[in-house]
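In what follows, a structure is listed as structure tokens, so that the remarks can point back to it.
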Amino acid sequence: MSEDKKAEAFHWADQIAERIIREKGDKEIYTCASGITPSGTVHIGNFREIITVDLVVRALKRRGKKVRFIYSWDDYDVFRKVPKNMPKQDELATYLRKPITMVPDTTGCAESYARANEIKVEESLPRVGIYPEYIYQASRYRSNVYKDGIRRALEMRSEIRDILNEYRTEPLDENWFPVSVFSSFTDRDNTEVLSWDGEWAITYRDKDLDKVETIDIRNTPNTKLPWRIDWPMRWAHEGVDFEPGGKDHLTEGGSYDTSKKIVKLFGGEPPVTLRYDFIKLKGMGGKMSSSSGEVASLTDVLEIYTPEIARYLFAGTRPGSEFAISFDLDVLKIYEDYDTTERIYYGLVDVKEQRREKEKRIYELSQVDEANIESDVSYQVPFRHLCNLLQVHSGDIDAVVASLPDLKESQVTRLRKKLSCAWRWIENYAPEDFRFSLSDEKTCSEMSENELAAIRSLKNYVDEYLDVTDEKAFSEYIYKAAEENGLDNAMFFKVVYKVLINKERGPKLAQFMKIVGKERLLKIFSLY
């Protein structure tokens, strides 16, 4: 078995790609789909579906297959709730029950509320190497692209009702129609379909105004199929081969169960699917909700995670596993886990073959451009250490880069990205006891004679030995300064931290002092 095949055998995306090929046969092009209603901020939980499709698309392409990745903006859905994080709540409330595409953008950034939410995603996805073909369903419906699908649903009205009733506790009545109408009088969906003439004409009543109108579905912008019929109609229309779904859609009796039967009435077959679980934000219970506004977007995540690590979070986790996107101290571990995977990929860590092949494939799928992976490993330094370096240099990335004599030119760009993320995390999310800044004035005014003497002894040891010993050897001089002046180590460490950063504890002391450097330490200790 080739090296590539070994790696592919372990990753779920490759397994799904093989299943698609097996079940759908050898096709000229495979269509993979995703989509969402832009009812509010498109959050990182929604991104899980997008990247799940992207990973499978990449796996199919690796097998030499042509793939069409479509992403549907369901912007002809109803505006049902005003998210709490949107401005001008009262104004937005006047558009409830209208299509989302008709709701204005109260932030003033786009031509509509829906478009504002779409733009944010379309601008952020290229940052993580994702380039779908966007389909705007409002445009499709309003230009009557689906007129034949709507008529087919009306023709199959009885069969569709029977399928839906299999999963309903309260059956749909005989007067039910598989189509909804936005009133041409109010643009709202508070309407009732009264009849269909068997051809192209629908008669409906506006419940708000008690007005009746007959429309031709070939040239009206007002008709739309309900979700459980719209989804399978579009599967057939686009020839979708793969589309994942959240566990709410893929539970027994959910929209996938009904859609896989209804799609056959439109002359299509259900796609291969995959259930993905929800994502939490660390410290927040429950799933995220666009309509409530309690979300973190991909842009938010990319503030503190590099694009590769944002992808790694998903490439390294099976879709059916729930996990949390962390903004707390777990960020340190996530960066270090990724660095371990990278070292395994470049052969710098000796692990068993099965793990090596698994980690290698995860690393490949984590890259923004899988076809052009760097020939050299990135600069390997723990994320915690980078944070300490940044804080010592007050966030000056240039100073940090200049302080690393073993940094290769090929590693600089990647390191700068990581440093930018690290500094944003420190400023916005790091716990208070993790943050520090070096003192530039006397911060420890009440010290005993022994403590002052110990600080002065340490100053002398810094002057003489800091630059000529390693971290472990210099730590012995810290202990020696305490012992010579009658202080126990724990007490002296508190004094040193208080002098350096005005806190009683901080980063590992000897390592921290090496980072700060002789010149700055002598300047601070000279205050005492």
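The values are calculated or read from the model by the stated rules, or taken from the named source; none is laboratory data. Predicted model, so just to flag it, every value in this text is computed and none were measured. As a convention, Cβ positions derive from the backbone with ideal geometry for all residues, glycine included, and neighbour counts pool all protein chains shown. Surface accessibility is based on the protein's heavy atoms, side chains included, excluding ligands, DNA and RNA. Shrake-Rupley method; radii C 1.70, N 1.55, O 1.52, S 1.80 Å.
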Exercise. Got a number for residues in the range 358-375 being over 18 Å from residue 337 (Cα atoms), part of a loop (DSSP other than H, G, I, E, B) and not β-branched (Val, Ile, Thr)?
Worked result: 3
For this session: Check whether at least one residue in the range 103-114 is in contact (Cβ under 8 Å) with a residue 24 or more places away in the chain and more than 27 Å from residue 301 (Cα to Cα), and report yes or no.
Result: yes
Exercise. When you look at residue 193, is it buried (at least 17 other Cβ atoms within 10 Å of the Cβ) and either without any contact (Cβ under 8 Å) to a residue 40 or more places away in the chain or not aliphatic (A, V, I, L, M) (or both), yes or no?
Worked result: yes
Seminar exercise, completed: Pairs returned, first residue in the range 381-400 that is touching a residue at least 40 places away in the same chain (Cβ under 8 Å), second residue that is acidic (Asp, Glu) and assigned to a helix (DSSP H, G or I), beta-carbon separation under 9 angstrom, 6 or more apart or interchain, are 382/336; 382/339; 383/336; 383/339; 384/336
Exercise. Hey, among the residues in the range 352-379 that are over 27 Å from residue 131 (Cβ atoms) and loosely packed, with under 14 Cβ neighbours inside 10 Å, which one's nearest to the chain's Cα centre (by Cα)?
Worked result: 355
For this session: Looking only at the range 456-469, decide whether some residue is touching an Asp or Glu at 6+ places or on another chain (Cβ under 8 Å) and either of a type outside the set (Lys, Arg) or crowded, with 19+ Cβ neighbours inside 10 Å (or both).
Result: yes
Exercise. Quick check: anything in the range 294-317 within 20 Å of the chain's Cα centre (by Cα), surrounded by fewer than 20 Cβ atoms within 10 Å (Cβ to Cβ) and more than 22 Å from residue 130 (Cα to Cα)?
Worked result: yes
For this session: Could you tell me whether any residue of the range 436-443 is over 16 Å from residue 525 (Cβ atoms) and either open to solvent by less than 50 Å² (accessible area, probe 1.4 Å) or in a helix (DSSP H, G or I) (or both)?
Result: yes
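If you take the residues of the range 166-188 that are out of contact with any helix residue (DSSP H, G or I) (no Cβ under 7 Å at 6 or more places or on another chain) and either basic (Lys, Arg) or open to solvent by less than 40 Å² (accessible area, probe 1.4 Å) (or both), which of them is farthest from residue 264 (Cα to Cα)? Walk me through it before giving the result.
Narrowing the range 166-188 to residues out of contact with any helix residue (DSSP H, G or I) (no Cβ under 7 Å at 6 or more places or on another chain): 166, 168-170, 173-175, 180-186, 188.
Those left that are additionally either basic (Lys, Arg) or open to solvent by less than 40 Å² (accessible area, probe 1.4 Å) (or both): 168, 181-183, 186, 188.
Details: 168: 20, 181: 24, 182: 27, 183: 30, 186: 35, 188: 31 Å.
Filtering the range 166-188 for residues that are out of contact with any helix residue (DSSP H, G or I) (no Cβ under 7 Å at 6 or more places or on another chain) and either basic (Lys, Arg) or open to solvent by less than 40 Å² (accessible area, probe 1.4 Å) (or both), the one farthest from residue 264 (Cα to Cα) comes out as 186.
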Exercise. Mind checking which pairs have a first residue in the range 19-41 that is within 30 Å of residue 138 (Cα to Cα) and surrounded by fewer than 19 Cβ atoms within 10 Å (Cβ to Cβ) and a second that is modelled with pLDDT of 95 or more and of a type in the set (A, V, I, L, M), Cβ under 8 Å, 6 or more apart or different chains?
Worked result: 24/272; 29/67
